[in-house]
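Asker: Got a structure for you, written out below as structure tokens; questions coming shortly.
Every read-out reported here was derived from the displayed coordinates using simple, explicitly stated rules and does not represent laboratory data. Fair warning: this is a prediction, and the values are worked out from it, not measured in the lab. Ideal geometry is used to build each Cβ from the backbone, glycine not excepted, and the neighbour counts take in all protein chains shown.
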Amino acid sequence: MADLDAEQSGMAQGLAVRLWSSRWLLIAGVVAILGVYALAAISGFVVLAALALLLAAAMLPVTGTRQSAESAAAIEAIGLQRLSGEYLAAAVADPLIIFDRTATIVHANSAAFAAFGGIAPGLSLSLKFRAPEMQALLDGVLSGDVASDVVDYTEKLPVERAYRVSASSVGHGTDLYVLVFKDQSEARRIDRMRADFIANASHELRTPLASISGFIETLRGPARNDPAARDQFLQIMQSQTGRMARLIDDLLSLSRLEMKPYLKPGTEVDLRETVDSVIDSLGPLASENSVIVERDYADGPLDVPGDRDELFQVFENLLENACKYGQSGGRVVVSIARGDPGSEPGIDVTIRDFGPGIPEEHIPRITERFYRVDVETSRTQKGTGLGLSIVKHILTRHNGRLSIKSEFGNGATFSVHLPTH
Ligand code: ADP
């Protein structure tokens, strides 16, 4: 009923605007009719023409910039009058609650119902949000001290969520207020990850740096005239600078990949040739660790779309890990096979070692940056803790997948699935 009234009054206002904007034409029409009668030299045709002119004036569209601005403002006013607060609240993606001057909920949008259990019109906001910062926010706007205010508020259950909540009065003299909750949880999580990452990277760089600086001091002091000690210390310093260089290279690789996470690689990569050259380049490491690398490749072309250098880095990291951590198994099998006919078309490259494997509880976290099963083993093996996270990033860019299977004590299998198109 209210909608109907609003619609009728809207139509009346629209007609009024239209007539007002054509007023000069209307006046001209009326004057023309009167003039024609006054002169008494009329024909039916002339009267009809004048009437047609009058009719046209009423129907003429509003023209000219001033008129169109006026009519746009009028139409906007009509549109906003007809806009229901409920529709407006529903169109807001963030949780939104409208309340009155007694802090009682008048309306909540569906995002608010989804985010906060147990809210309903008629419920007191002070009972629902008991945190002191929320009470202060409500008191501030309801007392009229401030027109709007913002606080940070954390909802603990069912899962912890951090919100930035703004409260403000609605319009003039409506006695209504609105609360809008902006979810900050994801931004906070990313901030925490960034801070952790910087702390980890700094720590990793600081350890070799401290060792180098210690040796410099020793060389300038007690070991100044000891050639044997000097040689030994210089060698250690060199290996520590190597460790720092590896870490910086890995950090740069990661940041380069993060800058372009969705760039689609454009060229075809021959996986047989790429994996062969990885095995060749790691030949010295394999023989140093007494590991024999066996190949088991499917026949025919084994090409996938991708970036050859990046895919080289993937297989290099995986084979290097297999030779280092699976060293005790004495052999590593590298196989390339086409995916099952029933599944998504692609090629699987699998690197299997026969070393101690990875305890099950570590597998889900092993691709996180700086995550290692055993920090000391990784350090002695010249690991940075970033290899598998680089692998994961590169595979994401290739729409690929990494799956890890391991039975503790029975080796580890790292499988890379790359789609063929
Ligand atoms: P790192 O530079 O330490 O090798 P990665 O990201 O490549 O870092 O690997 C993370 C951790 O995963 C390693 O420190 C190691 O503990 C474990 N890991 C990786 N590959 C293997 C493997 N083939 N066998 C046993 N453990 C492995």
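Asker: State the percent of C-alpha pairs, over all pairs in region 209-367, separated by a distance greater than 19 angstrom.
Answerer: Values: 8626 of 12561 pairs.
The proportion of pairs with Cα distances above 19 Å equals 69 percent.
Asker: Right, something else. Say a paramagnetic label sat at a point 7 Å from the Cα of Glu258, along Cα to Cβ; which residues of region 365-401 have their backbone N under 12 Å from it?
Answerer: Backbone N within reach: 369-370, 390.
Asker: How would region 199-297 be classified by its alpha-carbon gyration tensor: rounded, prolate or oblate, with rounded meaning a/c under 1.5 and the a/b versus b/c comparison settling the rest? Write down the numbers at each step before the final one.
Answerer: Details: a/c = 4.24, a/b = 1.69, b/c = 2.51.
Oblate is the answer for region 199-297, as a/c is 1.5 or above yet b/c matches or exceeds a/b.
Asker: Grab the other residues whose beta carbon is less than 13 angstrom from that of Ser403, score K and R as +1, D and E as -1, and report the net. Mind dumping the intermediate values first?
Answerer: Working: positive: Arg352, Lys392, Arg401, Lys405; negative: Asp348.
Here the count lands on +3.
Asker: Further question on the same structure: Assuming a ≥ b ≥ c are the square roots of the Cα gyration tensor eigenvalues, decide whether region 157-215 counts as rounded (a/c under 1.5), prolate (otherwise, with a/b larger than b/c) or oblate. Can you show the working numbers first?
Answerer: Working: a/c = 8.12, a/b = 3.96, b/c = 2.05.
Here region 157-215 falls in the prolate category.
Asker: Just to confirm the filter: which trypsin sites (Lys or Arg not before Pro) across region 165-207 are DSSP coil and have at most 12 other Cβ within 10 angstrom of their Cβ? Please list the in-between numbers first.
Answerer: Details: sites: Lys182, Arg188, Arg189, Arg192, Arg194, Arg206; in loops: none.
Answer by residue number: there is no such site.
Asker: Could I ask something else about it? With bins 10 Å wide starting at 0, give me the P(r) of region 302-421 over every alpha carbon pair, in whole percents.
Answerer: 13, 46, 32, 8, 0
Asker: For region 306-415, which GluC sites (Glu not before Pro) pass both filters: DSSP loop (anything but H, G, I, E, B) and at most 16 other C-beta atoms within 10 Å?
Answerer: Answer in residue order: Glu368, Glu407.
Asker: Which net charge results when you count Lys and Arg as +1 and Asp and Glu as -1 among the other residues whose beta-carbon is under 15 Å from that of Phe181?
Answerer: Working: positive: Lys128, Lys156, Arg161, Arg164, Lys182, Arg188; negative: Asp94, Glu133, Asp149, Asp152, Glu155, Glu160, Asp183, Glu186.
My count for the surroundings of Phe181 gives -2.
Asker: Still on this model: So for Asp348, Asp183, Asp353, fewest C-beta neighbours within 10 Å to most, what's the order? Working shown, then result.
Answerer: On the way: Asp348 20, Asp183 17, Asp353 28.
The fewest-first ordering by Cβ neighbours comes to Asp183, Asp348, Asp353.
Asker: What net charge is computed for the residues neighbouring Phe116, neighbours being all others with C-beta under 10 Å from the C-beta of Phe116, Lys and Arg scored +1, Asp and Glu -1?
Answerer: Local charge sum for Phe116: +1.
Asker: Separate question: Provide Phe129, Phe315 in ascending order of the number of other Cβ atoms located within 10 Å of each residue's Cβ, fewest first.
Answerer: Details: Phe129 20, Phe315 24.
Arranged by neighbour count, lowest to highest, Phe129, Phe315 become Phe129, Phe315.
Asker: Between Asp299 and Ser126, 0.36 nm times their residue separation minus their Cα-Cα distance comes to what? Numbers along the way, then the final one.
Answerer: On the way: separation 173, 0.36 × 173 = 62.28 nm, distance 7.13 nm.
Working it through step by step, the gained length comes to 55.1 nm.
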